[in-house]
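The structure under discussion appears below in the form of structure tokens.
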Amino acid sequence: MEKKNFDLSPNLLERFLQKPCEEFTKADIIKYIVENNIEMLNFRYVGGDGRLKTLNFVINSAEYLDQILTTGERVDGSSLFTFIGAGSSDLYVIPKYRTAFVNPFEEIPSIDILCSYYDNNGKPLASSPENILKKAHQKLKDTTGYTFKALGARQGQTD
């Protein structure tokens, strides 16, 4: 198998880390942030209205950076999804490290990471758009043997 030349990758993190994004770890993200003077971390996630939402974090300490990359951040599910009541609205957005990229449009040096939804018990939110898509894909695959790509997923990847 031929080794990939990461020096030609459009993803600056792949180029810096010399590894494919599918292998990114929390330690990799922290290393890039520290060694490249990144000042802001942006969590990106899709709401029930189909729009991309953002949580911005100013990086003020290594401990804080480690914490938010590990545990994510709480969001109000009732403001994101009409089917979630106010009484059970605690959701968490947890970063998917493989989706990290340097945001070329921010004035402040920033890393953006796409996130998944989790409930307050630490389980993936079954009714989130990405999990519904995963279930639909599995049903299609089980029923027909076919696969599909959606939401910009890479070949063989449904999340």
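The values are calculated or read from the model by the stated rules, or taken from the named source; none is laboratory data. Quick caveat: nothing in here was measured; it's all calculated off a predicted structure. Here the Cβ positions follow ideal geometry from the backbone for every residue, glycine too, while neighbour counts run over all protein chains shown. With ligands, DNA and RNA removed, areas are computed over all heavy atoms of the protein, side chains included. Shrake-Rupley method; radii C 1.70, N 1.55, O 1.52, S 1.80 Å.
Observations
- Pairs linking a residue in segment 118-143 that is within 19 Å of THR71 (Cα to Cα) to a residue that is surrounded by 12 or more Cβ atoms within 10 Å (Cβ to Cβ) and hydroxyl-bearing (Ser, Thr, Tyr), with Cβ atoms under 6 Å and 6 or more positions apart or on different chains, are TYR118/TYR92; PRO124/TYR118; LEU125/TYR117; SER128/TYR117.
- Within segment 34-48, the set of residues being under 22 Å from ILE132 (Cβ atoms) and either at pLDDT below 85 or out of contact with any strand residue (DSSP E or B) (no Cβ under 9 Å at 6 or more places or on another chain) (or both) comprises VAL46, GLY47, GLY48.
- Among the residues of segment 97-126, those that are in a loop (DSSP other than H, G, I, E, B) and either charged (D, E, K, R) or open to solvent by 40 Å² or more (accessible area, probe 1.4 Å) (or both) comprise PRO104, PHE105, GLU106, GLU107, ILE108, PRO109, ASN120, ASN121, GLY122, LYS123, ALA126.
- Residue in segment 12-23 that is touching a strand residue (DSSP E or B) at 6+ places or on another chain (Cβ under 7 Å), surrounded by fewer than 16 Cβ atoms within 10 Å (Cβ to Cβ), closer than 12 Å to PHE101 by Cα and not aromatic (Phe, Trp, Tyr) present: yes
- For segment 49-77, the set of residues classified as open to solvent by 70 Å² or more (accessible area, probe 1.4 Å) and at pLDDT below 90 consists of ASP49, ARG51, LEU52, ARG74, listed by residue number.
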